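Novice: Got a structure for you, written out below as structure tokens; questions coming shortly.
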Amino acid sequence: MSARELVVLGTASQVPTRRRNHNGYLLRWDAEGLLFDPGEGTQRQMLRAGVAAHDIDRICVTHFHGDHSLGLAGVIQRINLDQVPHPVTAHYPASGQHFFERLRYSTAYRESVDIAQAPVSADGILATTPGYTLSAHKLSHPVESYGYRLVEPDSRRMLPEKLAAHGIKGPDVGRLQREGSLNGVTLAEVSEERRGQRFAFVMDTRLCEGVHVLAEGCDMLVIESTFLDEDVRLATDHGHLTAGQAAKAAQEAGVRHLVLTHFSQRYSDPEEFERQARAAGFEGELTVADDLMRVPVPKRV
Ligand SMILES: [Zn+2]
């Protein structure tokens, strides 16, 4: 199993279909799991995908439409039933506080787990851990919607041949890393920058500044493409994207792996989303998401 991967739990917008459950996505990031937009049926999709309640450390909800949040009731109760031993933090638009609380306490159950409510009320950083910084940026939808972006800190890779050329070895390597220079040799001379991985989750929105900010330089971008390009009027009116719009934004942002999802039930041929994304000029890796698919985050460059 890849240490960093996206587990797709559902891919339908508004109405589930025979083949597509409502939304739900678990991002595995080393030892952590982030659950995005649990729609109705997420608990059962987790079972089918091999995701346990214990795998969830953080829940991120973009907005309070049912296809992105009705699963909260079941998932939160399951976290409690399974007595998940670690704290779980939930992020969601602050304007939907009452929706979150209603879903959290929609029926009776024994509450045993500390779920920290961390509502989002402005663009910016939500959390910093050793593995990533999580931030949110506002999107454009009829109800308040925030996209999420996860950025791993940059690091440096030591270059063995350069170290050898300067005669630096053993404990001196650690000293150089800590102090930045050793006997006139700087860290920059014997190492190179290794850019951290970047992931973004963009859903539901029409084209807006937030889409571009979130997508910038992402190794993986999971983005809604509810509509095909011929229905761009509908997309704009209802606050959604077409396959071509999502793909063009991803290409401009330099995205390496684009994952399209949140499809309208009106379309029967998923390949058309791929064709339109390619026609819009997207050159990276492309996945038209399907339920229960696992998509590895591309290796660090
Ligand atoms: Zn939706």
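The values are calculated or read from the model by the stated rules, or taken from the named source; none is laboratory data. These numbers come from a predicted model, not from an experiment. Every residue, glycine as well, gets a Cβ built from its backbone with ideal geometry; the counts of neighbours run over all protein chains shown. These area figures cover heavy atoms from the full protein model, side chains too; ligands, DNA and RNA do not enter into them. Shrake-Rupley method; radii C 1.70, N 1.55, O 1.52, S 1.80 Å.
Novice: Quick one: in segment 1-37, of everything that is away from the ligand (no atom under 16 Å from the Cβ) and among the acidic types (Asp, Glu), which residue is most open to solvent (accessible area, probe 1.4 Å)?
Specialist: This residue is 30.
Novice: Restricting the search to segment 136-176, which residues are among the basic types (Lys, Arg) and part of a helix (DSSP H, G or I)?
Specialist: Listed by number, the residues that qualify are 162, 175.
Novice: Give the residues of segment 177-194 that are β-branched (Val, Ile, Thr) and part of a helix (DSSP H, G or I), sorted by residue number.
Specialist: Result: 190, single match.
Novice: For segment 81-138, how many residues are over 16 Å from the mean Cα position of the chain (by Cα), closer than 23 Å to residue 3 by Cα and of a type outside the set (Val, Ile, Thr)?
Specialist: Residues flagged as over 16 Å from the mean Cα position of the chain (by Cα), closer than 23 Å to residue 3 by Cα and of a type outside the set (Val, Ile, Thr) within segment 81-138 amount to 4.
Novice: Just a yes or no: is a residue in segment 192-204 under 19 Å from residue 8 (Cβ atoms) and among the β-branched types (Val, Ile, Thr)?
Specialist: The answer is yes, given that some residue of segment 192-204 is under 19 Å from residue 8 (Cβ atoms) and among the β-branched types (Val, Ile, Thr).
Novice: Okay, next question. Residue check: is residue 260 surrounded by fewer than 17 Cβ atoms within 10 Å (Cβ to Cβ), modelled with pLDDT of 95 or more and within 16 Å of the ligand (Cβ to nearest atom)?
Specialist: Judged against the criteria, residue 260 is not a match.
Novice: Assess whether residue 195 counts as being more than 20 Å from residue 294 (Cβ to Cβ), modelled with pLDDT under 95 and more than 16 Å from the ligand (Cβ to nearest atom).
Specialist: In short, yes.
Novice: Same structure, new question: Filter segment 198-246 down to the residues that are among the hydroxyl-bearing types (Ser, Thr, Tyr) and away from the ligand (no atom under 12 Å from the Cβ), then identify the one that is surrounded by the most Cβ atoms within 10 Å (Cβ to Cβ).
Specialist: In this case the residue turns out to be 242.
Novice: Here's another thing I want to ask about it. Only one of (1) open to solvent by 50 Å² or more (accessible area, probe 1.4 Å); (2) on the phi > 0 side of the Ramachandran plot is not met by residue 153, so which one is it?
Specialist: Residue 153 satisfies every listed condition except (2).
Novice: Testing residue 251 on (1) within 24 Å of residue 132 (Cβ to Cβ); (2) away from the ligand (no atom under 16 Å from the Cβ), one condition comes back false. Which one is that?
Specialist: (1)
Novice: Let me ask another. Could you list, in sequence order, the residues of segment 54-95 that are away from the ligand (no atom under 14 Å from the Cβ) and of a type in the set (Gly, Ala, Ser)?
Specialist: Result: 73, 74, 90, 94, 95.
Novice: Another question, then. Take the conditions surrounded by 23 or more Cβ atoms within 10 Å (Cβ to Cβ), assigned to a helix (DSSP H, G or I) and among the aromatic types (Phe, Trp, Tyr) and apply them to residue 273. Does it pass?
Specialist: yes
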